[in-house]
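Structure first, then comments.
Read the figures in this text as sums done on the coordinates, not as results from a lab. What you are looking at is a predicted structure, and each value in this text was computed from that prediction instead of being measured.
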Amino acid sequence: MRSGFVAILGRPNAGKSTLLNALAGEKVAIVTAKPQTTRNRIAGVVEVAARKGVHPSAQIVFVDTPGVHRPSSQLDRQMLREIHEALETRDLVLVLVDATRRIGLGPISESQVPESGPGAPGFVSHGSESPVPTQGTGAPGVEKSREDHRANRASEDEFLFSLIRGLDCPVFLVPTKIDLVRKEQLLPLIDALQKQYDFAGTIPVSARKRDGLDVLLRKIVEALPQGERYYPKDQLTDQPMRFMVAELIRERILVETGEEVPYASAVVIERFEEPETPPSPPRKKNAAEPAKLPLTRIAAAIYCEREGQKAILIGKGGAKLKAIGTGARRQIESLLGTRVYLELHVIVEPEWRESRRFVESLDWRKQLEKLAGDDEGL
Ligand SMILES: Nc1nc2c(ncn2[C@@H]2O[C@H](COP(=O)(O)OP(=O)(O)O)[C@@H](O)[C@H]2O)c(=O)[nH]1
Ligand SMILES: [Mg+2]
């Protein structure tokens, strides 16, 4: 059989976590429309059955990573370390590119996808593609900011390419979200990217429509080395349950709040009491007595940086925190297959994103070490 690690790399919001989930067939990583949703590397384990005359069976360990961006805070630096770690142990790399983005630039939002025709701005030329506001074109200040914007995006691309240059493994280019663009728009983007890097292959996909995923899996299996499984056959991810639970709570925060709050929030599980009786198999439809399901008790702290953010997270009369808790609880119940009692509280930790010590304490790998250490101490 074949086996190996496949690192999923790309700019923020490229669609990395959505692809991971589509390939794993389950929600392994949280997904939102906001950039920098993913903060840690996350493995999703995919078993591929042998196809006679095509390829042998395989276990592919996909590793989702935070979006590549030049770091400014300690949190950013931690995310970059996660990317480097994912690149250290990999047999193959996928560079995901949002197919709706313009050449040399970042993505445009779904609502801005051009309808059709040569009038569709900027997919081919480098001249007219800037998404900065067009009012006042000609004014020197606007021209300058447009230039800066373009230079900045190009340099973020360059930053990504610098991470893969010199890797001694195959790197595939994977344009994703192709459900949002037409072929005539996709080809020039692929062309431009192929000029910047010598990719071992190009496989366009839509994670949302599950388009191209079979081809992607086949090409990956063909490129992977012979080897045995890294994880048991039925294991889906390397994340412990309590981290997935923390992520589901963070996902609700990302969805329920705006401005700085999502980026300044972190979730730490303080208590996780599994039921003494294991959860029974999923209930049959119409089967009565859902109350008999065992109960998991979870307490979590939501960290933010300022009193104002705390007030937003709590909301009027606690309404926001309640909405976050209710939404998260439903997701956690379906993940765990138990009823869940979820207790949330908000803690202000000024400037935590600038504290390397605090940022590292959020890392579940570090948290596991600490939990193991605490146990030994008992
Ligand atoms: N239409 C469409 N949207 C997608 C696709 N893949 C991801 N998205 C959306 O793009 C946004 C960012 O996705 P996410 O997976 O979190 O990106 P990441 O930051 O690279 O992990 C989310 O709103 C997704 O729903 C796709 O194949 N088609
Ligand atoms: Mg992500």
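Structure notes:
- Of LYS177/LYS316; LYS209/LYS322; LYS27/LYS310; LYS34/LYS209, those spanning more than 31 Å from alpha-carbon to alpha-carbon: LYS177/LYS316; LYS209/LYS322
- Value of Rg/Rh across segment 241-377 [Cα atoms, Kirkwood radius]: 1.01
- Residue-by-residue Karplus 3J(HN,Hα) for segment 68-74, coefficients 6.51, -1.76, 1.60, Hz, glycine and proline x: 6, 8, 5, x, 10, 9, 5
- DSSP bridge orientation in segment 241-377 - percent antiparallel, rounded to nearest 5: 40
- Under 20 Å of direct C-alpha separation, and excluding same-chain neighbours fewer than eight residues apart, LYS52 reaches these aspartates and glutamates: ASP214, GLU222, GLU228.
- Close amide H pairs (under 5 Å, H built 1.01 Å from N) link SER57 with ARG2, ALA50, residues at least 5 positions away or on another chain.
- Distance from the Cα centroid of segment 1-15 to that of segment 238-276 is 23 Å (rounded to whole angstrom).
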